[in-house]
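The values are calculated or read from the model by the stated rules, or taken from the named source; none is laboratory data. Here the structure is a predicted model, which means the values were calculated and not measured. Ideal geometry is used to build each Cβ from the backbone, glycine not excepted, and the neighbour counts take in all protein chains shown. Ligands, DNA and RNA are stripped out before the accessible areas are found, and what is left, the full protein with its side chains, is counted by its heavy atoms. Shrake-Rupley method; radii C 1.70, N 1.55, O 1.52, S 1.80 Å.
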Amino acid sequence: MRIGLLTEGGYPYAVGESGVWCERLVRGLGQHRFDLYAVGRPSAAGASLPLPPNARLARAADPEGASGNLLERAALGTARAARRAYGRRDRRRFTEAYERLATGLCAEEAEGTGGARGVSTAGAGGSGAADVGEPGGAAAFAEGLYALAELARERGGLPGALRSDDAVRALEAACRAPGARRGAAAAGLPDHLAFAEHLEGVLRPLSLDWYEEDALGAADLCHAAAGGTTALPGLLAGHFFGTPLLVTEYGVQLRAHYLSAADADRSAPLRTLLAALHGRLAAEVYRQAALLTPGNAHTRRWQERCGADRDRVRTVHPGMAADRFDGVGEDEESGDPATLVWVGRAEPAKDLVALLHAFAEIRTRQPDARLRIVTVPVRDPGAEPYLAQCRALAAQLFPDEAAGAHAVGENPVSFEELGGPEAPTLEDTYASGAVVVLSSVVEGFPAGLVEAMFCARATVSTDVGAVVEIIGGTGLVVPPRNPRALADACLALLRDPERRYRLGAAARARALELFTVEQNLAAFRGIYLELLSHAPVRHRPGDGALFAHPAEAHVPGSWTPRAVTAGTGAPDA
């Protein structure tokens, strides 16, 4: 099977969670061919990771326009084509399409339509355009989007047109039209200009040269490693060629946009327009995808709330390497029975302040308790001030203690960095304590919690994100921002070794069943074959194949006949 894998630029250029997952997927499904389409800015290093034999970098482009010598072809078209002015007919065609898209963005949804739920659910294999006459602005947005894509494919020149005076005037008219969102109606000229610039960047994939028979047109399936702009080329491949689209999200891009700190300095009308754009795009991707595979129930709820049909949503937990933790998980006696361990990035969302106050309560009731705070190195400039604040609070709450008058005092809370002499590896870190603590107020899918489960550690976590889904009864869960409840749960495990070992063993068994690389690959192996079996047969000129999909493509692993009778295509007996 030929898979068009749409990535965020993390693979094959850079390391990171998305890149690691793509690497494991491509190498683990060696019976399929992967054509990589990198949507996004490559890493600063600019070096590509070595690819396995079944993968190749087909195209790469930066949606913000910074394309360089990493491209095999000029993915955004030639500079001459980008500067070319439209004629009268194409200009009218652009204006009509842009007006439809802008109207769909600015329109307030009628009550009861469910936002994006009132439009076509044709899925893969359909035209991708919304049905005429359906309620809500989502239909108009979809019509305008696909009309712009067709214009860009036939005539080029779309990036310049999206920044033109015609585009700004059409946007202004849509914002002031009857029935427009109240926030959009208040937008002024600076807001229109800023939004037009942002929209041009988001819609850059429409101008790529990927929508040809030898590119995405040759793929049996498009698999997007994220939603939003990353999945947009797959959406257009379905529109032009009927290629089924599979979207995998381990973090919701729409949610990330809502929480982005970059919006803080923008005006309220501009934020309204940006939220409408990303919401409409996410809804269209969810609606047209043949299948959505969120990484957890938290992401699944976001997708269904944005209009995804729950019959086409299937949770596939991210796979993690479990073998590195085997030594720790098999040793029930490892770890100091009075030590709590916290591992993660030092940032306000992790709520280390609440953890320190909870530990102060623990120390009053169990004086020999200790807390190890092991931070993961990050480049975020805001991490160091927050960590310094936590260090100062720990020094205030826990003055250095000494066993006698002539001994050196020691603080019961230690701050260490992963990779240092005291915490050289994750395995050593988790093995050093009896209980692993997660104190966050905001989480998606906390991978550190799964790592602790692989190490057969009992856990105490706050009820955020996908925590309950991960734990599943193998650990203690408390409300966030509640130091007293956190302290009570930790003390309950510190004082009951048998319960601790029992929960740790159950946690390891659950993690090995649900969160390994093997289960992730098995899930996608089956999903690929399922989608291919439902996809329409597309014979390519000159391929000479009697069947659209060879039988061996349906069998896991490789298949090689001993001999083939000439002209029959059948193996000899």
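Per-residue counts of other Cβ atoms within 10 Å, averaged by peptide: what ranking do you get for 235-244, 498-507, highest first?
Numbers: 235-244: 23.0, 498-507: 18.0.
Ranking the peptides 235-244, 498-507 by packing returns 235-244, 498-507.
Could you list which residues have their amide H under 5 Å from that of Ser440, counting only those 5 or more apart in sequence or on another chain, with H placed in the peptide plane?
Thr462
For every other residue with a beta carbon closer than 15 angstrom to the beta carbon of Leu171, add +1 if it is Lys or Arg and -1 if Asp or Glu, then tell me the sum. The partial results should precede the final answer.
Numbers: positive: Arg100, Arg163, Arg169, Arg176, Arg181, Arg280; negative: Glu96, Glu99, Asp165, Asp166, Glu172, Asp191, Glu197, Glu200.
With Lys, Arg at +1 and Asp, Glu at -1, the net is -2.
First compute the accessible area of segment 293-354 with a 1.4 Å probe, then give the percent of it belonging to carbon and sulfur atoms. Mind dumping the intermediate values first?
Working: 1220 of 2730 Å².
Carbon and sulfur: 45 percent of the exposed surface of segment 293-354.
Where does each of 350-359, 452-461 land if you order them by average Cβ count within 10 Å, highest first? Walk me through the numbers before you get to the answer.
Numbers: 350-359: 22.7, 452-461: 28.0.
The peptides rank, most packed first, as 452-461, 350-359.
Tell me, what HN-Hα J-couplings in whole Hz come from the Karplus equation 6.51 cos²θ - 1.76 cosθ + 1.60 at θ = phi - 60° for each residue of segment 301-318, using x for Gly and Pro?
Listing the rounded values in order: 5, 4, 5, 5, 5, 8, x, 5, 6, 4, 6, 10, 10, 9, 6, 10, 5, x Hz.
Let me have the relative contact order for segment 141-274, percent, based on Cα pairs under 8 Å that are six or more residues apart.
Result for segment 141-274 is 25 percent.
Quick one: which residues, 5+ away or cross-chain, put their amide H under 5 Å from the amide H of Gly465? H built at 1.01 Å from N.
Glu443
Can you bin segment 315-360 into rounded, prolate or oblate? Criterion: square roots of the alpha carbon gyration tensor eigenvalues sorted a ≥ b ≥ c, rounded for a/c under 1.5, prolate for a/b above b/c, oblate for the rest.
Verdict is oblate for segment 315-360.
Residue by residue, what Karplus-based ³J(HN,Hα) values in Hz, rounded to whole numbers, does segment 289-297 have, using 6.51, -1.76 and 1.60 with θ = phi - 60° and x for Gly and Pro?
So the Karplus estimates, Gly and Pro as x, are 5, 5, 7, 10, 10, x, x, 6, 5 Hz.
Whole number in Å², please: accessible area per residue of segment 382-508, 1.4 Å probe, ligands, DNA and RNA not counted. Before the final figure, lay out the partial values.
Values: 5400 Å² over 127 residues.
Per residue, segment 382-508 has 42 Å² of solvent-accessible surface.
For segment 502-516, in order, what is each residue's ³J(HN,Hα) by Karplus, 6.51 cos²θ - 1.76 cosθ + 1.60 with θ = phi - 60°, in whole Hz (x at glycine and Pro)?
Those phi angles translate into 5, 5, x, 5, 5, 5, 5, 4, 5, 5, 5, 7, 10, 10, 9 Hz.
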